[in-house]
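Structure, as structure tokens:
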Amino acid sequence: MDSLSQPFRGMNEERELHKADLRSLSFEELSEELALMGEKPFRAKQVFSWLHEKQAADFSEMTDLSKALREKLAGRFALTALEPADVLVSKLDGTRKYLFRLADGNVIESVWMEYRHGNSVCISTQAGCRMGCRFCASTLDGLARNLSPGEMLEQVYRMGRLMGKRVSNVVLMGSGEPLDNYDNVVRFIRLVTDGRGLGLSARSITLSTCGLPEEIRCLAGEGLPVTLALSLHAPNDEKRRELMPVARKYSLEEVLCACDYYFEQTGRRISFEYSLVGGVNDTREEAEALAALLGRRNCHVNLIPVNPVRERNYVRSGRQAILDFKNVLEKYEINATIRREMGRDISGACGQLRRGYLETRP
């Protein structure tokens, strides 16, 4: 049974007493709710369009619905609408980093990036993160809570509305581990790809994970051909355990076997993310070991010069070390690229804007 055929249980356990999130309902669930309210079937298509095609931020915007119906909806449901608490704009390429305030006071980061091939957004799936990766600021304060599908959708919708442009690609690579919020993330993907709404192709969505094997295998069976990006960051278990606490639970063999299964089931090439940390994982020997680990897999390696985090002592690798690492991989016929640093004048570390905001609140 897929996630949209299961009853939606609300945002999360901490918010069960709150109204259900209307934007998180599937079309079928919305139809059922409106039928229970005594509304005719065509109303579901109207409301769904307002939620996901026209992307209404308030019930009052739904002008072809009667005032009585809008009032009934507002009395029964919440409608997620995000407002920026802060925004940083790159002077180099126009990249925008948004800090969005949630209804309960939590804050999350989202990023808007413009490329020649279209507009990409990087969104958060959790407020905070419990994975503990050593080079990431998002995890320093732990996990506050999971985001609902509506809160993920609204990041996409809100940035598109603010920019007045259509979103072409979505990357689930902001704060949080997407597969640690599995049901809500899969529901989000089904909603954002629904042709009655934004109608994105699943192939234009990238899901980044630190590597939860069971969830990767489950995702392979969802019929959603999203691109899977595995945060690898080390060529062996010993080094990976130093950088990523999740590696203490799951070995590289387990994680890579799950990735192989994902490729077999979906036909989608796996992307391996490798953050290069100066003096930690960027030697020629480690590049050789990574090439041996990946072998003849149909994959892509995305080399990422690490963003320094002031709470850690990690620094990014030098330019020559990065190029040498890439050259070694290519020698073994492994497709590798160095990530283009969009908005490098405002980037800081992932999660640093959110953390700075939390530190300055009274």
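Whether a residue is touching a residue at least 24 places away in the same chain (Cβ under 8 Å), surrounded by fewer than 24 Cβ atoms within 10 Å (Cβ to Cβ), in contact with a Lys or Arg (Cβ under 8 Å, 6 or more places away or on another chain) and under 17 Å from Val111 (Cβ atoms) was assessed, and Met173 does not pass this test.
Is it the case that some residue within segment 191-199 is within 22 Å of Arg269 (Cα to Cα) and not charged (D, E, K, R)? Yes, segment 191-199 contains at least one residue that is within 22 Å of Arg269 (Cα to Cα) and not charged (D, E, K, R). Looking across segment 217-250, the residues that are among the polar types (S, T, N, Q) and closer than 17 Å to Leu179 by Cα come down to Thr227, Ser231.
So which pairs qualify, if the first residue must be in segment 137-165 and farther than 20 Å from Gly105 by Cβ, the second must be β-branched (Val, Ile, Thr) and part of a strand (DSSP E or B), the Cβ gap must be under 7 Å, and the two must be at least 6 apart or on different chains? These pairs meet every condition: Val156/Val121; Val156/Ile123; Val156/Val170; Met159/Val121. Residue count for segment 171-186 satisfying the condition of being under 14 Å from Gly221 (Cα atoms) and of a type outside the set (A, V, I, L, M, F, W, C): 2. Only residues that are touching a Lys or Arg at 6+ places or on another chain (Cβ under 8 Å), among the hydroxyl-bearing types (Ser, Thr, Tyr) and surrounded by 18 or more Cβ atoms within 10 Å (Cβ to Cβ) were counted across segment 243-302, and they come to 1.
The combined condition, being farther than 22 Å from Thr95 by Cα and at pLDDT 95 or above, is not fulfilled by Asn119.
Count of segment 78-106 residues, restricted to those that are more than 15 Å from Thr125 (Cα to Cα) and touching a strand residue (DSSP E or B) at 6+ places or on another chain (Cβ under 9 Å), is 17. Is there a residue in segment 141-150 that is surrounded by 23 or more Cβ atoms within 10 Å (Cβ to Cβ) and in a loop (DSSP other than H, G, I, E, B)? Yes, segment 141-150 contains at least one residue that is surrounded by 23 or more Cβ atoms within 10 Å (Cβ to Cβ) and in a loop (DSSP other than H, G, I, E, B). Looking across segment 103-124, the residues that are exposed (fewer than 14 other Cβ atoms within 10 Å of the Cβ) and at negative phi come down to Asp104, Tyr115, Arg116, His117.
As a summary of the residue check, Asn313 satisfies the conditions (1) more than 23 Å from the chain's Cα centre (by Cα); (2) in a loop (DSSP other than H, G, I, E, B); (3) at pLDDT 95 or above; (4) at negative phi except for the one numbered (3). The set of residues from segment 9-29 being in a helix (DSSP H, G or I) and modelled with pLDDT of 95 or more comprises Leu22, Arg23, Ser24, Phe27, Glu28, Glu29.
Restricting attention to segment 191-223, the residues that are closer than 21 Å to Phe48 by Cβ, more than 14 Å from the chain's Cα centre (by Cα) and crowded, with 19+ Cβ neighbours inside 10 Å add up to 5.
Listed here are the residues, each with its yes/no results for (1) modelled with pLDDT of 95 or more; (2) part of a loop (DSSP other than H, G, I, E, B); (3) within 30 Å of Arg339 (Cα to Cα); (4) not assigned by TED's automatic domain parsing to the domain that holds Thr139.
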| position | (1), (2), (3), (4) |
| --- | --- |
| Pro7 | no, yes, no, yes |
| Ser31 | yes, no, no, yes |
| Ala44 | yes, no, no, yes |
| Ser49 | yes, no, no, yes |
| Leu65 | yes, yes, no, yes |
| Ala68 | yes, no, no, yes |
| Glu71 | yes, no, no, yes |
| Leu88 | no, no, yes, no |
| Glu109 | no, no, yes, no |
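Quick check: anything in segment 34-41 surrounded by 19 or more Cβ atoms within 10 Å (Cβ to Cβ), without any contact (Cβ under 8 Å) to a residue 60 or more places away in the chain and either within 23 Å of Thr193 (Cα to Cα) or out of contact with any Pro (no Cβ under 7 Å at 6 or more places or on another chain) (or both)? Yes; the residues of segment 34-41 include at least one that is surrounded by 19 or more Cβ atoms within 10 Å (Cβ to Cβ), without any contact (Cβ under 8 Å) to a residue 60 or more places away in the chain and either within 23 Å of Thr193 (Cα to Cα) or out of contact with any Pro (no Cβ under 7 Å at 6 or more places or on another chain) (or both).
The values are calculated or read from the model by the stated rules, or taken from the named source; none is laboratory data. Everything numeric here is computed off the predicted structure, so don't read it as measured data. Reconstructed Cβ throughout: ideal geometry from the backbone, glycine too, with neighbour counts over all protein chains shown.
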